[in-house]
1. Can you name every one of the strands (runs of 3 or more DSSP E) wholly within the stretch 125-232 that holds 1 or more residues which are closer than 26 Å to Y27 by Cβ, touching a Ser or Thr at 6+ places or on another chain (Cβ under 9 Å) and of a type in the set (F, W, Y)?
2. Which count do you get for residues in the stretch 282-308 that are among the small types (G, A, S) and touching a residue at least 60 places away in the same chain (Cβ under 8 Å)?
3. Tell me, yes or no, whether the stretch 103-111 has at least one residue that is surrounded by fewer than 22 Cβ atoms within 10 Å (Cβ to Cβ), in a loop (DSSP other than H, G, I, E, B) and of a type in the set (D, E, K, R).
4. Could you list, in sequence order, all residues of the stretch 150-166 that are of a type in the set (S, T, Y) and over 22 Å from A248 (Cβ atoms)?
5. So is P472 over 30 Å from A294 (Cα atoms) and modelled with pLDDT under 80 or not?
6. Kindly indicate the residue of the stretch 1-59 that is β-branched (V, I, T) and part of a helix (DSSP H, G or I) and also farthest from the chain's Cα centre (by Cα) among those meeting that condition.
7. Could we say that V167 is surrounded by 17 or more Cβ atoms within 10 Å (Cβ to Cβ), out of contact with any Gly (no Cβ under 6 Å at 6 or more places or on another chain) and among the β-branched types (V, I, T) here?
8. Answer with yes or no whether R95 is without any contact (Cβ under 8 Å) to a residue 60 or more places away in the chain and surrounded by fewer than 16 Cβ atoms within 10 Å (Cβ to Cβ).
Amino acid sequence: MTLRLFDSGTQAVRDFVPLVEGRVGIYLCGATVQSPPHVGHVRSAVAFDVLVRWLRRQGQRVTLVRNVTDIDDKILAKAAAAGHEWWAWALTNERAFTSAYDALGVLPPDYEPRATGHVPAMLALMERLVERGHAYVAGPGDVYFDVRSWSDYGSLTNQRVDDMTDVPDDAGSGKRDPHDFALWKAPKPGEPATAAWDTPFGRGRPGWHLECSAMAHRYLGETFDIHGGGLDLRFPHHENEQAQSRAAGYGFARHWLHNGWVTQGGAKMSKSLGNGLLVSAVLEKAPAAVVRYALTAVQYRSMLEWTDDTLTEAAATWDRLAGFVQRATERVGAVPAAEVAAAALPAAFGAALDDDLNVPAALAVVHETLRAGNTALAAGDDTAARDAMVALRGMLDVLGLDPASPQWATTGGDDRTARALDALVRAELDARAAARAARDWAAADAIRDRLTAAGVVVEDSPTGARWTLAAPVTDTTED
């Protein structure tokens with residue numbers, strides 16, 4: 001492999017060499033299902049979906065584990081405030097995340113473990129840490145990791161313990177050191193009895209960090225290739241994961257990847273700041289393919305500033321890509337999916353993705369191919385047009401954006417509505433052609449304006465007019 005990735009642990013771009021040749025194990029921190037997902041939440045899933053697709057395109061057998069945190073303080077608090085059982089609240093929001101992933105074409109993970117389903121694995125890890133002297137019981141149900149016992153603590157984020165300022169405000173917890181973090185937490189007054197489990201250390205529930213180490217070990221083994229997540233998880237979550245896993249004697253992640261945030265006005269998109277755009281709401285205003293393109297087009301480590309123009313620009317680009325594929329298909333016929341999956345991709349495209357998943361550079365190759373394909377169509381060169389379409393679709397397939405894939409294709413099945421619409425628009429285009437032939441330009445322009453107002457885009461070509469529907473993007477700002 002020639003893939004090079006930026007390792008957040010070493011702060012350097014490194015050659016990616018799998019632990020086992022031909023196989024790649026990836027653990028991706030998934031959703032804490034306290035609320036429905038906003039656009040910022042799903043960026044990580046989309047970014048790592050591109051990585052998985054690229055690895056598989058190169059013949060790697062990828063095992064992707066993406067967890068679900070279905071119990072924590074915020075889930076309990078929000079469920080109680082809404083008058084719901086905490087587990088029902090978590091499941092409702094988990095389903096909302098799944099719906100968002102599916103709508104955006106994110107491939108399902110190989111394993112999607114819930115925290116509540118892996119308590120025995122967490123207890124085994126916690127007992128191992130206590131036996132090794134890296135964790136201690138502070139009181140019934142309260143177990144903490146002793147950061148001073150692990151000399152490498154802080155290595156992921158290049159910090160010294162005494163310089164760390166992000167210290168939990170939990171005075172009176174019985175911790176030996178303010179920097180120690182919870183492995184297990186005793187129930188708080190008023191919390192439901194169902195949100196706790198019996199352990200040798202007392203009744204309680206998991207700390208946030210313990211679950212990921214336990215589940216990564218369960219599904220990927222003691223050492224695996226890549227651990228990923230949003231940039232905000234580097235500290236304390238990933239720092240703590242690494243410390244407890246390595247203190248337990250495991251190699252844990254060999255490579256760390258972190259994606260940038262989605263921002264608005266320079267601030268990280270979050271519900272707490274009141275600037276979250278729910279995925280469900282955004283998908284009511286723009287096609288899912290357009291949203292996916294907007295999230296994919298920026299290099300994964302870069303911040304993505306979400307503005308009023310983000311989806312408008314993405315929609316215009318998507319229309320050009322999908323429009324070419326549709327025109328080429330009409331000219332040369334459909335291309336089998338197997339041919340697209342096996343197509344040789346332009347070397348420059350592969351080089352761009354091998355360079356730390358440089359999607360903007362890869363998209364430059366996509367657009368070069370698009371221009372060549374359009375030129376071939378205009379010249380009537382069907383062979384070149386077909387070759388361009390296959391290459392274009394192959395590259396877009398790696399990005400999860402092949403317009404002719406079942407995920408995004410708009411034809412097939414019960415297409416009575418499409419046929420009826422086509423007949424009506426064709427009648428208008430025939431009337432426009434007659435008006436143009438009679439040199440009645442006012443009538444011809446009026447027909448085109450009427451179609452434009454209805455969301456129909458008309459393109460004139462040497463072979464006649466053709467039409468497509470404009471992407472229905474509206475204002476995405478919150479009221």
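The values are calculated or read from the model by the stated rules, or taken from the named source; none is laboratory data. These figures come from a predicted structure and were not determined experimentally. For neighbour counting, all protein chains shown are included, and Cβ atoms are generated from backbone atoms with ideal geometry for every residue, glycine included.
1. On the way: elements: 135-139, 142-145, 181-185, 223-230.
Qualifying strands (runs of 3 or more DSSP E): 142-145, 181-185, 223-230.
2. Just the residues of the stretch 282-308 that are among the small types (G, A, S), to begin with: 286, 288-289, 294, 297, 302.
Those left that are additionally touching a residue at least 60 places away in the same chain (Cβ under 8 Å): 286, 288-289, 297.
Going through the stretch 282-308 one residue at a time, the tally reaches 4.
3. Yes.
4. Applying the first criterion (of a type in the set (S, T, Y)) to the stretch 150-166 yields 151, 153, 155, 157, 165.
Result: T165, single match.
5. Values: over 30 Å from A294 (Cα atoms): no; modelled with pLDDT under 80: yes.
Spelling it out, it is not the case that P472 is over 30 Å from A294 (Cα atoms) and modelled with pLDDT under 80.
6. Initially, the stretch 1-59 is screened for residues β-branched (V, I, T), giving 2, 10, 13, 17, 20, 24, 26, 32-33, 39, 42, 46, 50, 52.
With part of a helix (DSSP H, G or I) added as a condition, the list becomes 39, 42, 46, 50, 52.
Values: V39: 9, V42: 5, V46: 2, V50: 8, V52: 11 Å.
Result: V52.
7. Working: surrounded by 17 or more Cβ atoms within 10 Å (Cβ to Cβ): no; out of contact with any Gly (no Cβ under 6 Å at 6 or more places or on another chain): yes; among the β-branched types (V, I, T): yes.
Considered against the rule, which asks whether it is surrounded by 17 or more Cβ atoms within 10 Å (Cβ to Cβ), out of contact with any Gly (no Cβ under 6 Å at 6 or more places or on another chain) and among the β-branched types (V, I, T), V167 comes out as no.
8. Working: without any contact (Cβ under 8 Å) to a residue 60 or more places away in the chain: yes; surrounded by fewer than 16 Cβ atoms within 10 Å (Cβ to Cβ): yes.
Yes.
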